[in-house]
Amino acid sequence: MTEQRPRRQVRPVVENPDGTTSRTPTRDGRPLLNFRSPRVTQPPQHLADMTMDERITAVKEMGLPGFRAKQLSTHYFVHHTTDPEAMTDLPKDRRAELVERFFPPLLTEVHRLRTENGDTIKFLWRLFDGALVESVLMRYRNRITLCVSSQCGCGMNCPFCATGQQGLTRNMSSAEIVEQVIRANQVIAAGELAEVSGVDADMLGNPAAAVGSEADEEQGREPAGAGSGTGSSGAERVTNIVFMGMGEPLANYKRVMGAVRRFVDPAPAGLGMGARRITISTVGLVPGIDKLAAEEIPVTFALSLHAPDDGLRDEMIPVNTRWKADEAIDAAYNYYRTTGRRVSIEYALIKDMNDHAWRAELLAKKLNARGRGWVHVNPIPLNPTPGSVWTASEPEVAREFVRRLQNAGVPTTIRDTRGKDIDGACGQLAAAE
């Protein structure tokens, strides 16, 4: 199939803080971006904020032997509980005090929404200061994935993303990020997630790429223990974590990496997950990508590119005015060269805006110029958000976009739109009560 005629380019038009409109929101003539969280009070220190050595020190400061830290960690990271009545191996007269010190309340569930078949649940959480965030729990055939938030709101201001239009309230703490996983594990243990997954097909009727499947797509490998979703305690639990919820993870780098270390630390110091089961996504903060590559924690890395040319990407992804598309792609390629982990390129397909076949060819040309076998492209049909003037690409246009990439030798799989009917899909999280 070839394009019969040029299609009209629809450009982003968004509202500025002063009520005027422009293609890219600005303040004092500069793109409206917020890399730094306002200085606000963070939640009280939680066990998940600490290393095991720090927990031991804190326990000793309470006049208790250091081994109590391991017991507390086992209750939290293995049994997923903070209930003092369940901690029968701790001194009865000190349990309440220990729980108060190490497990201050972090998330209060406001409500949850479930898809009709129950394989996807979206949670709305209220944090200690009243801020609201969301996370999405998804069962697939061979994994259970949790999409976590890392910031309250987002400062990147991408006009087609509901979270990006909220602005940034504050960064989340490491423990607030970790607690989303613990609470999801409690829901799974209670049997509140459907035991089987629905069949996922993309807009073309082909098997869709699952959120969190980037690591497992390498050379067609299935994850270890595929289909079981069980942890060290034998109970079913979250197997894959994706930082694709609210916020730009690399703009909250220190706390996000603190959470990642709790995820990969062997139990009971942490959850004991494999790094490749954790996906960190960014819109292109190049210094953060370079830092991530040097961490020696080979998580799966995803770059939200959405346009291969700077003329359009400047308008779709305001951070592109700071680090251009080629700089972001170079950083992604460096991540692959440093870690050996194949990179995922995320590309929201938006009707008449970025879905032109020539853009697919330009994207393939840029990716192949760095080498072969280092990258996989996940086109994602745009998920609708309130007030948005844009819609997903037509199926035939998406089919041609994918065909051009595949013909150029670039592995390409359309991402599923799991949770779209509960506003829980990519770009839809708005934390609305």
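Pairs K324/K366; K122/K254; K291/K324: which are spaced more than 21 Å apart, C-alpha to C-alpha? It would help to have the intermediate numbers written out before the result.
Working: K324/K366 13 Å; K122/K254 26 Å; K291/K324 18 Å.
The answer is K122/K254.
Counting C-alpha atoms alone, how compact is the stretch 73-192: give Rg to one decimal and Dmax as a whole number, in angstrom.
Cα-based Rg and Dmax for the stretch 73-192 come out at 16.3, 54 Å.
Which whole-angstrom value gives the distance between the alpha carbon centres of the stretch 95-167 and the stretch 300-353?
Measuring centre to centre over Cα atoms gives 25 Å.
Assuming 0.36 nm per residue, please report the length gained on full extension of the stretch R141 to D129 beyond their Cα-Cα distance.
Values: separation 12, 0.36 × 12 = 4.32 nm, distance 3.73 nm.
The R141-D129 span can extend by a further 0.6 nm.
Setting aside same-chain residues fewer than 8 positions from K60, which lysines have a Cα under 19 Å from its Cα?
Of all the lysines, those that pass the test against K60 - Cα under 19 Å, at least 8 places apart if same chain - are K70, K92.
If you count only protein heavy atoms and use a 1.4 Å probe, how large is the accessible surface of W374, to the nearest 10 Å²?
Here the residue's solvent-accessible area equals roughly 0 Å².
In sequence order, what are the phi-derived ³J(HN,Hα) couplings for the stretch 67-73 according to the Karplus relation 6.51 cos²θ - 1.76 cosθ + 1.60 with θ = phi - 60°, rounded to whole Hz, with x for glycine and proline?
With the stated coefficients, the stretch 67-73 comes to 5, 5, 4, 5, 5, 4, 5 Hz.
Through the Karplus equation 6.51 cos²θ - 1.76 cosθ + 1.60, θ set to phi - 60°, convert the phi angles of the stretch 140-156 into ³J(HN,Hα) values in whole Hz; use x for Gly and Pro.
Result, rounded to whole Hz: 10, 4, 10, 6, 10, 10, 10, 8, 9, 9, 10, 9, 8, x, 7, x, 8.
Report D for the stretch 27-97 in µm² per second (integer): Stokes-Einstein, Kirkwood Rh on Cα pairs, 20 °C, 1.002 mPa s. List each step's numbers first, then the result.
Details: Rh = 14.8 Å.
Value of D from the Cα-based Kirkwood radius: 145 µm²/s.
Only four residue types carry charge here, +1 at the Cβ of Lys and Arg and -1 at the Cβ of Asp and Glu. Report the dipole size of the stretch 77-119 about the Cα centre in Debye, rounded to the nearest 20.
100
If ligands, DNA and RNA are left out, what is the accessible area of E176 with a 1.4 Å probe, given in Å² to the nearest 10?
0
If one puts a single equal scatterer on every Cα of the stretch 104-164 and applies the Debye formula without solvent, what log₁₀ I(q)/I(0) results at q = 0.13, 0.16, 0.21, 0.25 Å⁻¹?
-0.43, -0.63, -0.94, -1.08
What dipole magnitude, in Debye to the nearest 20, does the stretch 93-155 give about its Cα centre under +1 on Lys/Arg Cβ and -1 on Asp/Glu Cβ? Walk me through the numbers before you get to the answer.
Working: 10 positive and 8 negative charges, 61 e Å.
It comes to approximately 300 debye.
T57: net charge of surrounding residues, Cβ under 15 Å, Lys/Arg +1, Asp/Glu -1, itself excluded? If you can, show how the numbers build up before the last one.
Details: positive: R55, K60, R68, K70, R101; negative: D49, D53, E54, E61.
That works out to +1.
Sort R114, R143, R403 by heavy-atom solvent-accessible area, probe 1.4 angstrom, most to least.
Output order, biggest surface exposure first: R114, R403, R143.
Taking amide hydrogens as modeled 1.01 Å from N in the peptide plane, which residues meet the under 5 Å criterion relative to I144, leaving out close sequence neighbours?
Here the answer is T239, N240, since their amide H atoms fall under 5 Å of that of I144.
Can you send over the solvent-accessible area of H356, 1.4 Å probe, protein chains only, in Å² to the nearest 10?
Counting only protein heavy atoms, the figure is 10 Å².
Just the accessible area per residue of the stretch 229-367, please: how many Å² with a 1.4 Å probe? Walk me through the numbers on the way to the answer.
Working: 4090 Å² over 139 residues.
Counting only protein heavy atoms, the per-residue value for the stretch 229-367 is 29 Å².
Amide H to amide H, which residues 5 or more places from H356 or on other chains are under 5 Å from it, using H placed in the peptide plane?
Those lying under 5 Å, H to H, from H356: there are none.
Can you list the residues of the stretch 93-115 with backbone N under 17 Å from a point 7 Å past the Cα of A190, pointing along Cα to Cβ?
105-115
The values are calculated or read from the model by the stated rules, or taken from the named source; none is laboratory data. Small disclaimer: the values here were computed from a predicted structure and weren't measured. No Cβ is skipped: glycine too gets one built from the backbone with ideal geometry, and neighbour counts run over all protein chains shown. Keep in mind that these areas ignore ligands, DNA and RNA; they rest on the heavy atoms of the full protein, side chains included. Shrake-Rupley method; radii C 1.70, N 1.55, O 1.52, S 1.80 Å.
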